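Scroll down for the structure; my scribbles are underneath it.
Laboratory data are not the source of any read-out in this text; all were calculated from the coordinates shown. This structure is a prediction, so every number in the text was calculated from the model and none was measured. Don't worry about glycine lacking a Cβ; one is built from the backbone with ideal geometry, like all the others, and counts go over all protein chains shown.
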Amino acid sequence: MMPTSTAGSWTDPSHSSGRRATGSAGFTLIELAIVVLLISLFTVISVPLFSQIGKGDLRGSARRLAGAMKYLYNEAALSGQEHRLVFNFAEHSYRAEILETDGTLGELDDSTGNATLKDGVSFSDISLPGRGTFSSGEVTVRIHPTGWLEETIIHLQDSNKNALTLRVNPLTGSSEIFAGYRDFQVN
């Protein structure tokens, strides 16, 4: 039978039976140093990840809102009907509406354009050209079936006062997301 060594034990090579040398139980200093080094390395890597947890909610809300804007832009162009995105400051939410052919407003059946911002995330303000900057109540952005929407600048913030700015391109419906509160000249 071949002698084996288990973690924390040492076999004396002078003993062919593979028996443990007396008084040598435990781990070596090198083994303990490697374990401490690995624990330190994992801690250094994971602590910055935990500090980004709240920012993930802010970025996730911004990406979802940008996706909803692009989706409604495409739906308006495909259906030939005006769509609207209504932002509610008090409820930290937005909902999609469609202008029916008979002139009435109806809510969209799917949930893509209807959402509540993640916990701790809220609208700081929304700027629209020719209409001004709004920070309370409800604000409606019209998305025309001709492939145009009002240039929209949306400022989001979380409970730690981290901010993101969404700038929606009026000709493509695509959004740019910027870190921090950015002020753009709205014409």
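The Cβ shell under 15 Å around HIS92 holds other residues with a net charge of -3, Lys and Arg each +1, Asp and Glu each -1. Within 13 Å, Cβ to Cβ, of ARG64, how many net charges do the neighbouring residues add up to if Lys/Arg are +1 and Asp/Glu are -1? Spelling it out: positives minus negatives among the neighbours equals +3.
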